[in-house]
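Data first, discussion second: the structure below is written as structure tokens.
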Amino acid sequence: MSAQSDEYERSLAFSEIALGQIKALRQPAYPRNYEVWYAYATGYNPTLNQTINEAIARAGTLTASDVDQIYETYLSPARLTDRIDNVGSRIVDEIDQVMAMVDAAVGSATQYTESLAHATQDLGATKDREGLRKIVESLVRATREMEGNNARLENSLKASKQEIHQLQTNLEAVRNESLTDPLTSLANRKYFDSALDKCIAQSGQSGEPLALLLADIDHFKAFNDTFGHLTGDQVLRLVAIALKQNVKGQDIAARYGGEEFAIILPGTSLRAALTVADHVRRAVMTKELMKRSTGEHLGRVTVSIGVAVLQKGETAQSLIERADNCLYTAKRCGRNRVMCETDPEVSAVAVKVA
């Protein structure tokens, strides 16, 4: 089964769940309603799911206004854009204030320079002590005023610097959110696609190897159907933790889609990549699941993993397809195993496909 076929099956399963919820609550099958329930079915956004569960527990259904509010809060394409625009406009405002302060400082400096010039002229024309005293007093007043202006400017600039730094932090947080899977806190598919292209380009320039791992949770759909989506979410988080524990440095772990995960391993040979993959597999297998609401022990889950190493001149799509072929073979050969293209079983499948 190819990655495209897997995605087809997953999307159909999510669609069936979404339509089932719409029918159960007798809601109109409007695109917005469908999108909200499809997002609920995927479990990608746990906060959205929690909000829906709480609303149904409270009122027994979702009203049209509930759906609109949930959509605007969690799914509207404008939501993230609005947040970015808001932070960006605040940064622009702060920069405008800084420029205004700089202009005021330039005006003060120009005025002080003129005061010095006038004093120089007056000194040349003054012969008596009283005249000199007045000139010195005017210079002292101008200097003190300049010092006060500089102190106020310094304080204002410090405050603006802190505000801009905080806004930059907020902007980075929004950017990270757009590239992070909310359920697992791993990189999302958008980040994965961009990172893989970048790593392939770097590998081509440096000549260093690049490995890709694709992992899929075994029998996840059956587990989800048996124990429910909340427990399924717990499984996804468990696998994500195993990935995080076994990546380091420049390695990138991502949620590839549904119950499928990916790890990009720059500068990693096939042998080393197989070691990482087996560590991930063992880490998942050794964790026992427990249903939080009841304390019931649900057993263990396993993952199958396919490993591929970048070939010279290869595209991201080709590398993904080869790793996916290895993953499919691991599934076909009994699951809970790691396979790569040097395994005879993978070679046999490749010959069949060809």
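The values are calculated or read from the model by the stated rules, or taken from the named source; none is laboratory data. Since this is a predicted model, take the numbers as computed values, not measurements. FYI the Cβ positions are ideal-geometry reconstructions off the backbone, even for glycines, and counts take in every protein chain you see. Quick note on the areas: whole protein, heavy atoms, side chains included, nothing else; ligands and nucleic acids left out. Shrake-Rupley method; radii C 1.70, N 1.55, O 1.52, S 1.80 Å.
Grouping the Cα pair distances of segment 231-354 into 5 Å bins from zero gives a pair-distance distribution of 2, 10, 20, 23, 19, 12, 7, 4, 2, 1, 0 percent in increasing distance order. Spacing of the modelled spin labels on ASP128 and ARG332, each 7 Å from Cα toward Cβ, amounts to 11.2 nm.
Would any residue of segment 192-220 have its amide N under 15 Å from a label point 7 Å out along Cα→Cβ of ARG300? List them or say none. Residues 218 qualify, since their backbone N sits under 15 Å from the label point. Backbone geometry of segment 249-258 corresponds, through the Karplus equation with coefficients 6.51, -1.76 and 1.60 at θ = phi - 60°, to 3J(HN,Hα) couplings of x, 8, 5, 10, 9, 9, 8, 7, x, x Hz, x marking Gly and Pro.
Using 15 Å as the cut-off for backbone N distance, which residues of segment 20-48 belong to the label zone defined by a point 7 Å from the Cα of THR61 along Cα→Cβ? What the label zone holds, given the 15 Å backbone N cut-off, is 21-30. When you filter the trypsin sites (Lys or Arg not before Pro) in segment 174-280 for DSSP loop state and at most 16 other Cβ atoms inside 10 Å of their Cβ, you are left with LYS248. Amide H contacts of ASP218 (H built 1.01 Å from N, in plane; Pro and chain starts excluded): THR302, VAL303, SER304 sit under 5 Å, all sequence-distant by 5 or more or on other chains. If R0 is 22 Å, the Cβ-Cβ spacing of THR73 and GLU16 corresponds to a FRET efficiency of close to 0.30. Counting only heavy atoms of the protein chains and using a 1.4 Å probe, PHE14 has close to 30 Å² of accessible surface.
Pairwise Cα distances in segment 246-291 exceed 13 Å for 63 percent of all pairs. Start at zero, step by 10 Å, and the Cα-Cα distances of segment 193-255 spread as 17, 39, 25, 15, 4 percent across the bins. Using a simple spin-label model with pseudo-atoms 7 Å out from Cα toward Cβ, THR47 and ALA222 lie 3.6 nm apart.
Could you pull out the pairs from LYS190/LYS244; LYS23/LYS244; LYS248/LYS312 whose alpha carbons sit more than 30 Å apart here? With Cα atoms farther than 30 Å apart: LYS23/LYS244.
Take the Cβ atoms of LYS244 and GLN205, set R0 to 30 Å, and the FRET efficiency comes out at 0.60. Here the Karplus curve 6.51 cos²θ - 1.76 cosθ + 1.60, taken at θ = phi - 60°, turns the phi angles of segment 139-145 into couplings of 5, 4, 4, 5, 5, 5, 5 Hz, with x standing for Gly and Pro.
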